[in-house]
Amino acid sequence: MYQFHPERPTPNPYLDVARLVIPNSKIVHKFGANFDIDQATDPESVWTGGGLYPWASLASAQTIYCISTSASDTGTLTLEGLDANYNEQSETVTLTGTSAVTTTNTFLRVFRMKYGDSGNVGTVTARVTSGTGTVVAQIDAAYAQTLMAVYTVPAGHTGYMAALDATIDSNKNCQILMYHRLVGKPFRIAHIAEATGHYRYDYHAPLRIPEKTDIDIRIDDVSGNDSRVTANFDIVLIRD
């Protein structure tokens, strides 16, 4: 429970979570981009892989195949996600350029990747089945980190969404859709908005998201082709 600190006249529970003052809690900041959404292809998820995120490819825990389009990418790649029991898991592999390397662990979800200490030269992807299989995470050249506005609340935790925002490039508009999926249930709409340029929503009472819930930010009804879209959301994660 949040405790008031008399030395700080204006208590800020989010700051205290970030400072690790409140035990068993942390802030998860997710941010994504889709740099090419067309009227004929929407709705699309906000991630650089394009199209709707392929949740069905991770219906069970999978070995992940990591590969780059450039032979120069031989640094370390850290994957963050969940294991077969929805527990948080990370693993670091060393890339070998255009030849796929596999993870030791199997992943039920992959929601973030980070590349080495410098920017990647090529496009780095995480795939299932093989080095040419379905892409489940992608780092565009030079970004060194995934841009994917998808997430799954780990087992034994409850998420509390504090804020959501999205942008679309100038003189265009779109529909912003946040979908949730509880275990064993279909995806359902949890937030919807129409936006031109920039949209932001701050939850006065944070939105409660149970453990193992999938979150997918999607864009629909873009007003023009080649739309560039970003989305971000903040979740306070509390261990139950």
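Since every read-out is calculated from the coordinates, none of them should be taken as a lab result. Just so it is clear, the structure is predicted and the values come from calculations on it, not from any experiment. With ideal geometry, Cβ positions are generated from the backbone for all residues, glycine too; neighbour counts draw on all protein chains shown.
Shape analysis of region 130-240 yields a ratio of the Cα radius of gyration to the Kirkwood radius, Rg/Rh, of 0.99. Convex hull volume of the C-alpha atoms in region 125-176, normalised per residue: 174 Å³. Estimated from helices alone, the mean residue ellipticity of the chain at 222 nm is -500 deg cm²/dmol (sum of -39500 (n - 2.57) over DSSP H runs with n ≥ 4, per residue). Highest average first, the peptides 33-46, 150-163 ordered by how many other beta carbon atoms sit within 10 Å of their residues are 150-163, 33-46.
Note on Lys212: lysines with a C-alpha under 16 Å away, same-chain residues under 8 apart excluded, are Lys185. Solvent-free Debye calculation, one equal scatterer per alpha-carbon of the chain: log10 I(q)/I(0) at 0.09, 0.17 Å⁻¹ equals -0.40, -1.29.
When every Cα-Cα distance of region 33-118 is counted in 10 angstrom steps from zero, the calculated P(r) takes the values 16, 39, 36, 9, 0 percent.
Structural descriptor for region 23-121: relative contact order 26 percent, calculated from alpha carbon pairs under 8 angstrom and at least 6 residues apart.
Using alpha carbons only, the radius of gyration of region 47-93 set against its Kirkwood radius gives Rg/Rh = 1.00.
Hull surface divided by four, with the convex hull built on the Cα atoms of region 9-68: how many nm²? Intermediate results must be reported in sequence, preceding the final value.
Values: hull surface 33.0 nm².
If you wrap the Cα atoms of region 9-68 in a convex hull and average its projections, you get 8.3 nm².
To the nearest µm²/s, what D does Stokes-Einstein give for region 55-187 at 20 °C and 1.002 mPa s, using the Kirkwood radius over alpha carbon pairs as Rh?
Working: Rh = 15.9 Å.
Estimated diffusion coefficient is 135 µm²/s.
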